[in-house]
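First up is the structure itself, then whatever we jot down about it.
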Amino acid sequence: VQLVESGGGLVQAGGSLTLSCTATGMTFSAYAMGWARQAPGKEREVVASISLNSAIVLYADTVRGRFTIFRDNERDTVFLRMNNLEPEDTAVYYCAAASTGWATRVPTEYNRWGRGTQVTISS
C-alpha cells in the first residue's frame, strides 16, 4: 500500500494550492480518506476527511470554508483544494486512509499514511 502526495509548495498569503494523493496497492473505493497536517512543535491534526462514497465530509473549524476535500474513485486519488491560505496553514500535509470507510478526524482511526508534502505560506 502506498499513498503519494503532491502539490505542496510555497505561496503567498491569500493564495491557493491543490494537493493530490494517489493510492496504490489498495481498494481505494473501500477507504475513507483524510488530509492531516503537522506544524513544528504541534500535534498532527486531521483537517479534512471524506467517506468512501463522498457522502460525508468533515472539516476542522480552522479550515472550514477555505479548504475542500474531494475524491475520484476512478483515479484512486483524493484532493485537497486550499483557498485563502494563511501563514498559520504552514505545515507538512499528509494523506491518510481509513479502512472503516467512515469519515473521521481522529488520527488513530487511519491505517495508512503518506510521507507528506510541505506547504509554506509567506505573509
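The values are calculated or read from the model by the stated rules, or taken from the named source; none is laboratory data. Values in this document were obtained by computation on a predicted structure and should not be read as measured data. Positions of Cβ are backbone-derived with ideal geometry, glycine not excepted, and every protein chain shown enters the neighbour counts. Each accessible area value is taken on the protein alone, full model and side chains, heavy atoms only, with ligands, DNA and RNA left out. Shrake-Rupley method; radii C 1.70, N 1.55, O 1.52, S 1.80 Å.
Here the chain is treated with +1 on each Lys and Arg Cβ and -1 on each Asp and Glu Cβ, and its dipole about the Cα centre works out to around 60 debye. When Trp35, Trp102 are compared by accessible surface with a 1.4 Å probe, the order from highest to lowest is Trp102, Trp35.
Surface composition of the chain: carbon and sulfur atoms hold 48% of the protein heavy-atom accessible area at a 1.4 Å probe. A simple charge model with +1 on the Cβ of Lys and Arg, -1 on the Cβ of Asp and Glu and nothing else charged puts the dipole of segment 70-123 at about 160 debye relative to its Cα centre. Gain on full extension, evaluated as 0.36 nm per residue between Val4 and Glu88 minus their Cα-Cα distance, stands at 27.9 nm.
With each label modelled as a point 7 angstrom along the Cα→C-beta vector, the Arg75-Ser16 pair spans 1.5 nm.
Normalising the Debye intensity of segment 82-123 to I(0), with uniform scatterers on Cα atoms only, and taking log10 at q = 0.13, 0.25, 0.29, 0.31 Å⁻¹ returns -0.38, -0.87, -0.96, -1.02.
Note that the chain presents 50 Å² accessible area per residue, ligands and nucleic acids not counted, probe 1.4 Å. Using only side-chain charges placed at the Cβ, +1 for Lys and Arg and -1 for Asp and Glu, the dipole size of segment 22-91 relative to its Cα centre rounds to 40 debye.
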